[in-house]
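For reference, the structure discussed in these notes is given below.
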Amino acid sequence: MSALSRWLNKLKSVGRTGSTYDGLDFIADDRLRRDERFLQFLSFGFVLDDRRSTEAMVRLVAAKKAAPDIFKSGWDKATPDERFGAMDKVLNEVIQDEIAAVGSRDIVLGVSGGFDSRLILHYLRRNGISPTTYTFTRNYDADCIRALAKRIPLVQFPLTGAWRFDDFYSHANREQDIVFMSRTAAATEIARAFPNRAEFHGFVGGTISGSHVKVPESPKWDAAKNRFLEKNNPIKLAHIAGGVDLLPGKSLLPADAIAFDDQLNFAYRQELRIQPRRTESDQAYRLPYADPRWMGIWLNRTAEERHQQKLYIAFIRWLNAPEMFDVSMSSDMTGFAVKQQLDATYTDRVGEKFAEHVFLSEAATRLRARQVYSNAFLDSKLAEAPTNRIARRLICCTEIVVGAGWFD
């Protein structure tokens, strides 16, 4: 029995009262039975691609082997200054190479409250580059950027929020990061404003340095799959859609080559969901953390060092960079704790208008016309939407992938 059939049978067995998914009724069952991609999307926010996943593993193995000796056999003998100095040297060289590759194009950088984009900003500025920055997120991120702007000069591009469904349809066929609605919308607006741009991204940064690493690492492939589902269930329907069963039954590589948790994070979440889609002819996106020199450092480090970005925070503290002011303010050595402290310090929240809110009513209208969900289900989700981000995502993202022709 296919995953889709199991899911539909489970839906039929769920009572029509008292269920979180009360009234979930796909009218277009025939179309869905032909294609399990919708199940994958509902479970993970992306559609599986074996070829891309395998290519990602080949790159990871090559990066792990290519790391300088200090990050393999010489790590335990090195002093902290030698370790951090080597990390600094590698990352600065990566950024210098990226700068050299962009030529005369406008350099653009999306900056959030996360450590990765701000570290790129630090190295760009160290090498004489003042990029045009933009921020599309809210609350903690907006607070952090306002605090950062008081410390260093920032050239901020103001996003207008003038977004259209047609923009999302075109994006959906080039990248699968559509559950992060504001990110996709911002990317469209930046592309219009800076057609001849080199856009730096912190892609891979948090995953490779440890923000997604749990300790201990999963010793079994099935355990790693369950962990992966915990982190990647954006519309909260995975337990109905049979998400774990949609992932491969066997690991791509042995655990001693690349840890099971890393295999899933890189081959699926990063490669299929987050990575900006670029072709050989489109070099607008610059991804310095995807450079094998930087990835090789972290793939040779232990889960304990990467857990909660402990080594990363120690390295950032050693840099003492103004762009990372909050790390200097915190006495804790984990990324989560640093963010918690900043979040408690800056509480001047600024309301922002997001695509999820802008498009919600229009998405529901289009879904009714397309007869994808029952009207009763849409009405229930619209009632939840003002305070429930999952309800907004379910409605908006379903309309985007259907409108983009994913399941035709």
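The values are calculated or read from the model by the stated rules, or taken from the named source; none is laboratory data. Here the structure is a predicted model, which means the values were calculated and not measured. Don't worry about glycine lacking a Cβ; one is built from the backbone with ideal geometry, like all the others, and counts go over all protein chains shown.
Summary of values
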item	result
Matching residues in segment 217-250 - criterion: being in contact (Cβ under 8 Å) with a residue 24 or more places away in the chain, surrounded by fewer than 16 Cβ atoms within 10 Å (Cβ to Cβ) and either in contact with a helix residue (DSSP H, G or I) (Cβ under 7 Å, 6 or more places away or on another chain) or among the basic types (Lys, Arg) (or both)	Lys220, Lys231, Asp245, Lys250
Residue match in segment 101-121 (condition: without any contact (Cβ under 8 Å) to a residue 40 or more places away in the chain and not small (Gly, Ala, Ser))	no
Residues located in segment 362-375, provided they are loosely packed, with under 13 Cβ neighbours inside 10 Å and of a type in the set (Gly, Ala, Ser)	Ala369
Single residue of segment 345-392 satisfying the filter (among the acidic types (Asp, Glu) and modelled with pLDDT of 85 or more) that is nearest to Gly113 (Cα to Cα)	Glu384
Qualifying helices (runs of 4 or more DSSP H) (wholly inside segment 95-198; at least 1 residues being over 26 Å from Gly210 (Cβ atoms) and not hydroxyl-bearing (Ser, Thr, Tyr))	140-149, 165-172, 181-193
Pair list, Cβ < 6 Å and 6+ apart or interchain, from segment 296-307 residues that are over 15 Å from Gly206 (Cβ atoms) to residues that are crowded, with 19+ Cβ neighbours inside 10 Å and among the aromatic types (Phe, Trp, Tyr)	Asn300/Phe71
Residue check, Lys77 within 25 Å of Phe266 (Cβ to Cβ) and either surrounded by fewer than 19 Cβ atoms within 10 Å (Cβ to Cβ) or in contact with a helix residue (DSSP H, G or I) (Cβ under 6 Å, 6 or more places away or on another chain) (or both)	no
Test: residue in segment 64-78 that is assigned to a helix (DSSP H, G or I) and in contact with a Leu (Cβ under 6 Å, 6 or more places away or on another chain)	yes
Single residue of segment 239-266 satisfying the filter (in a helix (DSSP H, G or I), touching an Asp or Glu at 6+ places or on another chain (Cβ under 9 Å) and not β-branched (Val, Ile, Thr)) that is modelled with the lowest pLDDT	Leu246
Filter pass, Ile152 being hydrophobic (A, V, I, L, M, F, W, C), buried (at least 19 other Cβ atoms within 10 Å of the Cβ) and modelled with pLDDT of 80 or more	no
Set Ala186, Ala172, Ala147: member being modelled with pLDDT of 80 or more, surrounded by 15 or more Cβ atoms within 10 Å (Cβ to Cβ) and over 22 Å from Tyr312 (Cβ atoms)	Ala186
From Asn196, Asn127, Asn139, residue being at pLDDT below 80 and either touching a Phe, Trp or Tyr at 6+ places or on another chain (Cβ under 7 Å) or among the polar types (S, T, N, Q) (or both)	Asn139
Qualifying position, being hydrophobic (A, V, I, L, M, F, W, C), modelled with pLDDT under 85 and crowded, with 19+ Cβ neighbours inside 10 Å, among Val338, Val327	Val338
Criterion (modelled with pLDDT of 85 or more and assigned to a loop (DSSP other than H, G, I, E, B)) met by exactly one of Arg301, Arg317, Arg269	Arg301
Tabulated pairs, segment 41-64, first closer than 27 Å to Gly296 by Cβ, second β-branched (Val, Ile, Thr) and crowded, with 18+ Cβ neighbours inside 10 Å, C-beta under 7 angstrom, 6+ apart or interchain	Met57/Ile258; Leu60/Ile258; Val61/Ile258
